[in-house]
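What follows is a set of notes on a single structure, which appears directly below.
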Amino acid sequence: MKLTLHVWRQKSATDKGRFVTYHAEGISKDMSFLEMLDVVNEGLIAKGEDPIAFDHDCREGICGTCSLVINGVPHGGDRGTTVCQLHMRRFKDGDVIRIEPWRARAFPVLRDLIVDRSALDRIIQAGGFISVSTGNAPDANTIPIPKKEADLAMDAAACIGCGACVAACKNASASLFTAAKISQLAHLPQGQPERDIRVIRMVEQMDREGFGSCTNTFECEAVCPKEISVRVIAEMNRDYRTALRRACLGPEPKVAAGGN
């Protein structure tokens, strides 16, 4: 395959950056997208030029490190797929491909296609943990949890924190990421002692990092490589309002039998 690539090149966080055109030749349709970039970089290095900088690690769709916007769509547009799982057979010989980094104020570009996603780490640090002792694995597994609740927790825990939801959102909202991290603990008994303070701290940290508000366009769900449902955002908003009310007014009074 022969391809024309328009790649975002930026030397540093302070550099303005620009698109640079490269011609990729001898690309196998069985290569992954990242392997195609490896081939391009080998050619650049052979010519004495700086290779294109991009994030990657496991290359198995697990770590959430790869982060490219391909032809305007985070991770390239294949449902439930990260960039490292995207294969070149998805494209045609002669295609023109535009490659950019995640675009969001909270994700400043560090170099070329690499952005700083530490804002997501700080949201987790604000409350995405439990402090109760759960013992070892056999102990934790002896806690009975309804199947429905366990499934909801596992669905939310599938989030790999890649940030595609932010990159796809017109408001650069991190609501899907934050809500998934809140939901995975909210459905487990171990997450109940700090449920209120967790959602307050994580939502407020999300706002401090400069992420935008959610306006329910569902772009985040469409590009999420783990297909996290926007249902978790509704859960987060409900828990946030409930937690604020309890913090201001205390627990709701119990209603006696008979409705009085």
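The values are calculated or read from the model by the stated rules, or taken from the named source; none is laboratory data. All of these numbers come straight from a predicted model, not from anything done at the bench. Don't worry about glycine lacking a Cβ; one is built from the backbone with ideal geometry, like all the others, and counts go over all protein chains shown. Each accessible area value is taken on the protein alone, full model and side chains, heavy atoms only, with ligands, DNA and RNA left out. Shrake-Rupley method; radii C 1.70, N 1.55, O 1.52, S 1.80 Å.
For this structure, a couple of remarks:
- Number of positions in the range 4-40 that are β-branched (Val, Ile, Thr), open to solvent by less than 40 Å² (accessible area, probe 1.4 Å) and out of contact with any Leu (no Cβ under 8 Å at 6 or more places or on another chain): 2
- Helices (runs of 4 or more DSSP H) wholly inside the range 71-177 that include at least 2 residues being buried (at least 18 other Cβ atoms within 10 Å of the Cβ) and of a type outside the set (Gly, Ala, Ser): 118-127, 147-157, 164-168
- Each residue in the range 44-63 was checked for being in contact (Cβ under 8 Å) with a residue 24 or more places away in the chain and open to solvent by less than 10 Å² (accessible area, probe 1.4 Å), and 2 of them qualify.
- Test result for Glu49, more than 22 Å from Leu86 (Cα to Cα) and touching a helix residue (DSSP H, G or I) at 6+ places or on another chain (Cβ under 9 Å): yes
- Test for Pro225: is it crowded, with 16+ Cβ neighbours inside 10 Å and outside any helix (DSSP H, G or I): yes
- Of all the numbered requirements in (1) polar (S, T, N, Q); (2) within 15 Å of the chain's Cα centre (by Cα); (3) closer than 24 Å to Asn71 by Cα, Thr178 misses one, and that requirement is (3).
- Test: residue in the range 15-27 that is touching an Asp or Glu at 6+ places or on another chain (Cβ under 6 Å) and in a loop (DSSP other than H, G, I, E, B): no
- In the range 218-242, the residues that are in contact (Cβ under 8 Å) with a residue 40 or more places away in the chain reach residues that are of a type in the set (Ser, Thr, Tyr) with C-beta atoms within less than 6 angstrom, at least six apart or across chains, in these pairs: Pro225/Thr81; Pro225/Thr82; Val232/Ser183; Ile233/Ser175; Glu235/Ser183.
- Near pairs, Cβ below 6 angstrom, 6+ apart or cross-chain, from the range 145-165 (modelled with pLDDT of 95 or more) to any residue that is of a type in the set (Val, Ile, Thr): Ala156/Val232; Cys159/Ile228; Ala164/Val223
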